1. At 30 Å minimum axial length over the Cα atoms and a Kyte-Doolittle cut of -0.5, report the qualifying DSSP H helices in the chain, or say none.
2. With Rg/Rh (Cα atoms, Kirkwood Rh) in mind, check (1) 0.94; (2) 1.04; (3) 0.98 and report the label derived from this structure.
3. How much accessible area per residue does the chain have, counting only protein heavy atoms and a probe of 1.4 Å, in square angstrom?
4. Show Tyr67, Tyr43, Tyr38 ordered by accessible area, largest first, where the area counts protein heavy atoms only and the probe is 1.4 Å.
5. Please work out how much length the chain gains when fully extended from Arg72 to Trp20, using 0.36 nm per residue of separation minus the C-alpha to C-alpha distance, in nm with one decimal.
Amino acid sequence: SIKAIESSSKEDDTTWLTYWVVYGIFSVAEFFSDTFLYWFPFYYAGKCLFLMWCMAPVSWNGSQVLYQNVIRPWFLKHHRTVDNVLGNLSTKA
């Protein structure tokens, strides 16, 4: 990520920022479901493969696929609600 930030090309910045968005959402989901998931055989091997797919240097890597097909459409549909909730939280804080 640091190399992407420090490079002159901005294409790799988008790639890594997309990865971190997907990873962050995955981490939050995993936090709430980890007590159930660790019972599944090969969960950690599957998690490792999933994260490797998300950062693979190919055009069909997981972070691009998940962001374009799941995260972005959901965010565009609900971005006003998200902005309102974040605005209310910052006012209360």
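The values are calculated or read from the model by the stated rules, or taken from the named source; none is laboratory data. Keep in mind that this is a model prediction, so the values were computed, not measured. With ligands, DNA and RNA removed, areas are computed over all heavy atoms of the protein, side chains included. Shrake-Rupley method; radii C 1.70, N 1.55, O 1.52, S 1.80 Å.
1. Membrane-span-like by this criterion, though nothing is claimed about a membrane: 11-37.
2. This structure yields the entry labelled (2).
3. Spelled out: the 1.4 Å probe surface of the chain, per residue, equals 81 Å².
4. Per-residue accessible area, sorted high to low, gives Tyr38, Tyr67, Tyr43.
5. 17.3 nm
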